[in-house]
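Asks: The structure under discussion is supplied below as structure tokens; questions concerning it will follow.
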């Protein structure tokens, strides 16, 4: 999910250089193991409360405004590539869906209902990637509060889904998405096998 709450016209476009948001790097989880090249770890148990970053400042240029307005919440190129790789492996899933038992306002990028796996494809800018995340050079305080709020919401979403019995997998847009799809397919088979009742042995 490139932009979890829609586009914004503030600051600089989500590419370039600049200081990264302060604080600990976002966790990626909870899952039993890391995806290839990933940073997927168990989420910290912290209560979520929305904190407004304040009034949206003016964009630094018209070009920035166009880029930010064009940032979609779903069907990003990384999402499409991951979904295509999952289809090639014979998996079927829901897109931009609400997980059963979870907050209806929190939508999942790829939902595999049978295995109860919820997959998010996180954009490096919007979700504060520890490798590629950065703060724009203008309106930095606003952007710091904005991105820190997105990360807190991500962690709260992870906890809500896990409490409802879902396995949460978060994949960075920069990861090898074909390898990630292969690992997701393995986890689907593993979880389906664990749920399948064993046949009775003959006496």
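The values are calculated or read from the model by the stated rules, or taken from the named source; none is laboratory data. A quick note: this is a predicted structure, and the numbers were derived from the prediction, not measured. Cβ sites come from the backbone with ideal geometry, for glycine too, and all protein chains shown count toward neighbours.
Asks: Could you tell me which numbered condition residue 115 fails, if it satisfies all but one of (1) touching a helix residue (DSSP H, G or I) at 6+ places or on another chain (Cβ under 6 Å); (2) at pLDDT 95 or above; (3) under 21 Å from residue 75 (Cα atoms)?
Replies: It fails just one condition, (3).
Asks: Just a yes or no: is a residue in region 63-82 surrounded by 14 or more Cβ atoms within 10 Å (Cβ to Cβ), within 16 Å of the chain's Cα centre (by Cα), modelled with pLDDT under 90 and within 20 Å of residue 169 (Cα to Cα)?
Replies: For region 63-82, residues surrounded by 14 or more Cβ atoms within 10 Å (Cβ to Cβ), within 16 Å of the chain's Cα centre (by Cα), modelled with pLDDT under 90 and within 20 Å of residue 169 (Cα to Cα): present.
Asks: Okay, moving on. Can you tell me which residues in region 161-187 are part of a helix (DSSP H, G or I) and crowded, with 18+ Cβ neighbours inside 10 Å?
Replies: Residues of region 161-187 part of a helix (DSSP H, G or I): 161-163, 177-187.
Once the filter is applied, which keeps residues that are part of a helix (DSSP H, G or I) and crowded, with 18+ Cβ neighbours inside 10 Å, region 161-187 yields 161, 162, 177, 180, 181, 183, 184, 185, 187.
Asks: A further question on this structure: Hey, any hits in region 163-171 for a residue that's out of contact with any strand residue (DSSP E or B) (no Cβ under 8 Å at 6 or more places or on another chain), touching a residue at least 60 places away in the same chain (Cβ under 8 Å) and within 19 Å of residue 87 (Cβ to Cβ)?
Replies: no
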